[in-house]
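These notes concern the structure reproduced below.
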Amino acid sequence: MKKTDTPFRLKVMALVTTAMLLTIIPQTMSAQKHFTLEDLNFGGINYHNMVPENIHTTWWGERLMYLDAEEGGEISLKDGSRKAFFNLKEINAIITDSDTLKEIHTAYHAKYPYPDKALVLLSNNKKQILFNFESKQVELSQDIEGTNSTDWSPISRNVAYTKNGQLYVRNADNLEKQVTTDGRLPDIVYGQSVHRDEFGIEKGTFWSPDGQRLAFYRMDQSMVSDYPQVNINARIAQYEPDKYPMAGETSHKVTVGVFDTTADKTIYLDAGDPTDRYFTNIAWSPDSRTLYMFELNRDQNDCQLVSYDAVTGKRLGVIYRETHPKYVEPLHPVEFLPWDNSKFIIQSQTDGYNHLYLYNTEGKQLKQLTAGQFTVLDILGFNKKDKTIIITSNEKSPIQSNIYSVSISTGKRTPLDNGRGYHQGDLSSNATMVLDRYSEPTVPRNIEVTPTTGNNPYSKTTRLLTADNPWEGYNIPIFECGTIKAADGITDLFYRMVKPADFNPENKYPTVVYVYGGPHAHNVDARWHYASRSWETYMAQKGYILFILDNRGSENRGREFEQATFRQLGQIEMEDQMKGVDFLKSLPYVDIDRMGVHGWSFGGFMTITMMVNHPEIFKVGVAGGPVIDWKWYEVMYGERYMDTPQSNPEGYEKTSLTNRAKDLKGKLQIITGYNDATVVPQHCLSFLDACIESGTQVDFFVYPGEPHNMRGHKSVHLHERITQYFEDFLK
């Protein structure tokens with residue numbers, strides 16, 4: 001369901017015009033190699049050879065640094081040549097502490113925190129160091145063994161972390177301070193991500209700009225019901241419950257503290273009773289004295305940005321408020337202009353699309369910086385000299401991501417890339433240059449550096465990498481992309497189609513609809529092969545056509561598009577998916593009598609939904625980790641889209657799949673991780689029970705010890721199993 005939980009869903013986009021069908025011509029079939037899942041699946045032994053070449057980089061001020069396993073150094077922005085600054089062999093020879101692991105194992109995660117100092121931050125699982133690669137000396141060494149979620153301030157050089165639910169801070173002299181005392185897992189947790197990673201939350205500690213104050217989450221989930229997970233690897237299976245707040249049930253309580261390292265004192269924000277409230281997107285004022293936080297009610301339809309005195313915890317006032325009859329979802333903290341401490345950027349969908357608004361600290365909206373029927377996808381940073389903000393958006397196409405410079409004074413947007421494909425940017429320290437990683441449907445990967453200033457910045461671009469096609473010499477399928485109309489007859493929906501390399505329009509092919517369909521995800525992108533999942537290539541090689549459609553309810557298409565599914569998940573999505581089926585029926589080479597469906601998580605829910613509602617169409621399905629009844633899903637996500645079971649009984653009844661087990665006609669396999677803490681096993685087991693009661697048959701497979709998604713090489717096994725099910729019953 002979430003981005004961190006669903007590697008099966010696509011996180012990529014596609015380049016296409018509304019009325020156009022674009023095709024990538026396959027290679028000739030003679031003497032071409034065939035793919036295996038060891039080639040295509042991320043857990044496969046040959047997968048690393050089958051992905052486009054990449055360069056791992058970071059910025060040291062305005063200098064671009066490469067990150068390799070054994071060394072680090074600079075990449076010339078003129079010709080792409082490299083100059084090594086350090087290697088791990090020499091560093092490990094210097095580290096001689098007897099109480100720690102002596103070796104730094106990799107430089108892939110190296111950071112250069114000071115633009116004007118030759119210092120690199122490196123770490124292993126026991127220690128982090130600051131190494132001066134000019135003097136060849138270790139300037140800082142801090143113990144981090146046994147810790148979680150380390151958060152380091154380059155200003156104060158304090159590092160925050162958690163151990164066994166408690167919060168600690170270690171200073172530059174390597175002295176440890178225990179900040180909390182009542183933490184106890186799993187009931188009381190400090191310094192960790194809260195609200196089950198919803199609302200843009202990814203961590204639980206937040207250093208002030210001066211590095212002297214640490215804001216942190218305290219989560220009390222002692223009142224939350226335990227879900228009875230079991231560890232089967234013990235001699236006698238052990239009870240290892242998860243805290244899991246289900247929709248309509250009691251949720252956890254979160255408070256926000258601030259630890260002052262200089263005063264050795266902790267205060268808590270005076271935010272009032274935390275019951276049935278969400279606190280998110282914590283941000284500091286540039287002077288480190290004020291804390292800003294978005295606060296949301298449990299109904300998720302009333303959102304306020306509130307400021308607090310970071311010294312006393314006193315509530316200062318409401319800076320911004322947004323309400324909506326369906327829901328408001330804050331995902332981004334405010335970002336102050338680096339040249340004006342009295343102004344900041346708020347991201348909001350208040351006009352129907354996610355856009356940027358300039359506010360002052362008094363709560364006055366000064367202007368809307370971006371506008372139009374497109375979505376601002378990300379803020380990359382600010383160019384202080386030109387007073388611009390660098391963003392990515394899908395202004396060119398709903399399935400693209402492109403980089404722009406936006407003037408704060410005029411709102412003028414200047415393109416910083418080639419205007420095609422899917423671009424991801426990384427700014428230098430002063431945002432004078434952007435490292436642009438991108439691909440297009442026929443371009444595996446290019447990496448370029450472009451200045452962020454000038455009338456035509458892209459004309460001064462330096463190409464650092466043009467990746468070869470790693471699939472050269474293989475039987476590559478045909479990848480196509482286009483649009484159809486949604487069930488409303490108005491909205492354009494983007495699809496991807498994958499055909500066998502030896503496709504013959506005179507033949508008829510079994511066809512599998514791959515579906516996700518839920519919020520915060522989409523499948524079709526302007527990246528290489530239109531963001532096709534590798535399993536689709538594997539299936540096309542076996543003679544199938546794959547069809548993937550982004551229905552209403554998926555992301556980055558504006559509020560109306562995304563909220564169309566409110567209080568009835570699966571219904572509008574299914575209507576749109578069936579429009580895709582109508583399109584498939586119109587194609588003479590699609591065998592409508594051999595049509596299957598597959599998806600994971602929300603896609604598993606959609607798979608079963610489509611099978612029980614349209615048994616005349618879908619003969620075979622594989623549902624992975626499926627939601628069966630939304631009353632068993634978590635509070636934060638479930639209630640946003642469905643409200644509570646108490647307030648929306650009709651919606652929960654309508655979308656429950658246990659009520660539809662009797663309507664299952666085709667062959668269905670359900671697969672789940674035995675220890676899934678996202679879509680808990682109660683979903684699958686309840687559907688099995690309903691099938692037994694109704695006399696319908698279903699196949700079931702479990703991966704012991706696995707979470708919501710199968711890890712490592714088990715993913716190869718999983719996808720072979722999925723494939724074999726269609727081979728056995730559809731082909």
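The values are calculated or read from the model by the stated rules, or taken from the named source; none is laboratory data. Quantities reported herein were computed from a predicted structural model and do not represent experimental measurements. Methodologically, a virtual Cβ is constructed for each residue, glycine included, from the backbone with ideal geometry; neighbour enumeration extends over all protein chains shown. Accessible surface areas use protein heavy atoms only, side chains included; no ligands, DNA or RNA. Shrake-Rupley method; radii C 1.70, N 1.55, O 1.52, S 1.80 Å.
For the range 111-148 and the range 175-201, write down the distance between their C-alpha centroids in whole Å. The range 111-148 and the range 175-201 have Cα centres separated by 25 Å.
Helix 682-694 and the long axis of the chain differ in direction by around 20°, with both axes built from C-alpha atoms. Treating each Cα of the range 314-354 as one equal point scatterer and applying the Debye formula with no solvent, the log10 of I(q)/I(0) at q = 0.15, 0.16, 0.25, 0.28 Å⁻¹ comes out as -0.49, -0.55, -1.03, -1.11. Simple spin-label estimate for ASN507 and LYS177 gives 7.0 nm between the two label positions (7 Å along the Cα-to-Cβ direction from each Cα).
The lysines within cross-link reach of LYS385, meaning a Cα-to-Cα straight distance under 18 Å and a gap of 8 or more places when in the same chain, are LYS343, LYS412.
Where only protein heavy atoms count, and the probe is 1.4 Å, what is the accessible area per residue for the chain in Å²?
Normalised by residue count, the accessible surface of the chain is 40 Å².
With the highest mean first, a sort of the peptides 56-65, 678-687 on other beta-carbon atoms found within 10 angstrom per residue produces 678-687, 56-65.
Sequence gap at least 6, Cα distance under 8 Å: using those rules, report the relative contact order of the range 189-235 to the nearest whole percent.
34 percent
Legend: calculated FRET efficiency, LYS714 to SER647, from the Cβ-Cβ distance at R0 = 35 Å, rounded to 0.05, equals 0.30. Sorted from longest to shortest, the spans of the Cα atoms of the range 676-731 along the three principal axes equal 36, 34, 14 Å.
Think of the chain as having a plus end and a minus end, set by charges on the Cβ of Lys, Arg, Asp and Glu; of ILE267, GLY553, PRO649, GLY553 sits farthest toward the positive end of this dipole. Cα centroids of the range 489-516 and the range 287-355: 43 Å apart.
Run the helix sum for the chain: -39,500 (n - 2.57) per DSSP H stretch of 4+ residues, divided by residue count, reported at 222 nm to the nearest 500 deg cm²/dmol. Computed ellipticity for the chain at 222 nm equals -3500 deg cm²/dmol.
With the cut-off at under 16 Å, measuring from each backbone N in the range 485-526 to a point 7 Å along the Cα-to-Cβ line of SER586 picks out 485-497.
For the range 585-632 versus the range 701-731, the inter-centroid distance based on Cα atoms is 17 Å.
I need the P(r) histogram for the range 103-166: all alpha carbon pairs, bin width 5 Å from 0 out to the longest distance, whole percents. Taking every Cα pair in the range 103-166, the percentages come to 4, 16, 28, 27, 15, 7, 2, 1. Its Kirkwood hydrodynamic radius, worked out from the mean inverse distance over all distinct Cα pairs, puts the chain at 27.5 Å. Protection proxy ranking for 668-677, 620-629, 45-54, using the average of other Cβ atoms within 10 Å per residue and placing the highest first: 620-629, 668-677, 45-54. Straight-line reach from LYS243: taking Cα to Cα under 17 Å and skipping same-chain neighbours fewer than 8 places apart, the lysines in range are LYS253, LYS631.
A straight chain from GLU335 to LYS83 at 0.36 nm per residue would run longer than the Cα-Cα distance by 87.2 nm.
Taking a point 7 Å out from the Cα of TYR268 in the direction of its Cβ, the residues of the range 152-185 whose backbone N falls within less than 18 Å of it are 165-168, 179-185.
Label-to-label distance, SER76 versus ARG289, with points set 7 angstrom from Cα along the beta-carbon direction: 5.0 nm. Pairs of Cα atoms nearer than 8 Å and 6+ residues apart set the relative contact order; for the range 78-235 it is 12 percent. For the range 135-221, a simple Cβ point-charge model (Lys and Arg +1, Asp and Glu -1, everything else neutral) yields a dipole of about 120 debye relative to the Cα centre. The tail of the calculated P(r) for the range 26-89 beyond 19 Å holds 55 percent of all Cα-Cα pairs. In the range 196-261, the alpha-carbon atoms span a convex hull of 145 Å³ per residue. Here the accessible area of the chain is 47 percent carbon and sulfur, with a 1.4 angstrom probe and all protein chains present. Computed extension gain for ARG277 through GLN697, at 0.36 nm per residue and net of the alpha carbon distance, reaches 146.9 nm. Taking every C-alpha pair closer than 8 Å and separated by at least 6 residues, the mean separation divided by the residue count of the chain gives a relative contact order of 13 percent. Equivalent-ellipsoid semi-axes for the range 508-596 (Cα gyration tensor, √(5λ), whole Å, largest first): 25, 16, 10. Just so you know, the Rg over Rh for the range 319-468 is 0.99, from Cα atoms, with Rh as the Kirkwood radius. When peptides 394-400, 441-447, 430-436 are ranked by their average number of other Cβ atoms within 10 Å per residue, the highest-first order is 394-400, 430-436, 441-447. Take the Cα of HIS105, step 7 Å toward its Cβ, do the same at GLN373, and the gap between the two points is 5.1 nm. Under the combined filter of DSSP loop state and at most 16 neighbouring Cβ atoms within 10 Å, the range 329-358 retains these chymotrypsin sites (Phe, Trp or Tyr not before Pro): TRP339. From the Cα gyration tensor of the range 455-550, with a ≥ b ≥ c the square roots of its eigenvalues, which class applies: rounded if a/c is under 1.5, or else prolate if a/b is larger than b/c, or else oblate? Cα axes put the range 455-550 in the oblate bin. For the range 295-347, GluC sites (Glu not before Pro) meeting the loop criterion (DSSP other than H, G, I, E, B) and having at most 14 other Cβ atoms within 10 Å: none. Principal axis analysis of the Cα atoms in the range 617-726 yields extents of 43, 31, 23 Å, listed in decreasing size. The listed residues LEU121, LEU366, once ranked by accessible area (1.4 Å probe) with the largest placed first, stand as LEU366, LEU121.
The charge dipole of the chain, taken about its Cα centre with unit charges on the Cβ of Lys, Arg, Asp and Glu (plus for the first two, minus for the last two), comes to roughly 940 debye. Every Cα-Cα pair in the range 237-333 was counted, and those over 21 Å apart are 42% of them. As a test of understanding, state the convex hull volume per residue of the range 152-192 from its alpha carbons, in Å³. In the range 152-192, the Cα hull volume divided by residue count equals 54 Å³. Since only HIS520, VAL590, ASN507 are under comparison, the one whose Cα sits farthest along the positive direction of the charge dipole of the range 507-656, derived from C-beta charges on Lys, Arg, Asp and Glu, is ASN507.
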